[in-house]
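Down below is the structure, laid out as structure tokens.
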Amino acid sequence: MNVQEYIREDGSNPYQTWLDGLNAMAAVKVTIARSRLELGNTSNVKWFDGIGEYRIDWGPGYRIYLVQDGQDLIMLFGGGTKKRQQADIDQALRLNQEYQQRKQKMHDEAAQLEPEQKTKNIKQSKKRS
């Protein structure tokens, strides 16, 4: 499974920002959870409202928020603890909406460029003939 961190348009990385704020032992637990996701193990993920919440049963109840995009990609949005769960879920939902909108915009732009590129290729082929 390809696990990536979501990078916002401004270049910020909410997942890395969260991870950097954890103590060493918590960061190790989160890194192990990420490795399990990379192996395709989503058994600790609860899915709802289009996102997933990976639950780490340790300390204050760490969570990693993510979305699965297709069969092979997991996008990480950030994390939190049981105590801040609703605020963290709300943030993950906003980031997922942003991610989906950016993905759709890129798809639309690529679709517009495709006919233009075909026309350009045809014109270049005719010039060579």
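The values are calculated or read from the model by the stated rules, or taken from the named source; none is laboratory data. Bear in mind that the values here come from a model prediction, so they are computed numbers and not experimental data. When we count neighbours, we look across all protein chains shown, and the Cβ atoms used for this are built from the backbone with ideal geometry, even at glycine. Ligands, DNA and RNA are stripped out before the accessible areas are found, and what is left, the full protein with its side chains, is counted by its heavy atoms. Shrake-Rupley method; radii C 1.70, N 1.55, O 1.52, S 1.80 Å.
Quick notes
- Atom-type composition of the exposed protein surface of the chain places 50 percent of the accessible area on carbon and sulfur (1.4 angstrom probe).
- Nonlocal amide H pairs with ASP69, under 5 Å, H built at 1.01 Å: ILE74, MET75
- From its DSSP helices (H runs of at least four residues, each -39,500 (n - 2.57)), the chain gives a residue-normalised ellipticity at 222 nm of -18000 deg cm²/dmol.
- Note on the chain: Cα convex hull, mean projected area over all directions, 10.4 nm².
- Above-threshold pairs, the threshold being 28 Å between Cα atoms, out of LYS82/LYS105; LYS46/LYS103; LYS29/LYS105: LYS82/LYS105; LYS29/LYS105
- Distance between the C-alpha centres of region 1-49 and region 60-80: 6 Å, rounded to the whole angstrom.
- Computed from the C-beta positions of SER43 and ALA111 and an R0 of 41 Å, the FRET efficiency is 0.65 to the nearest 0.05.
- With protein chains left intact and a 1.4 Å probe, residues in region 1-105 average 56 Å² of accessible area per residue.
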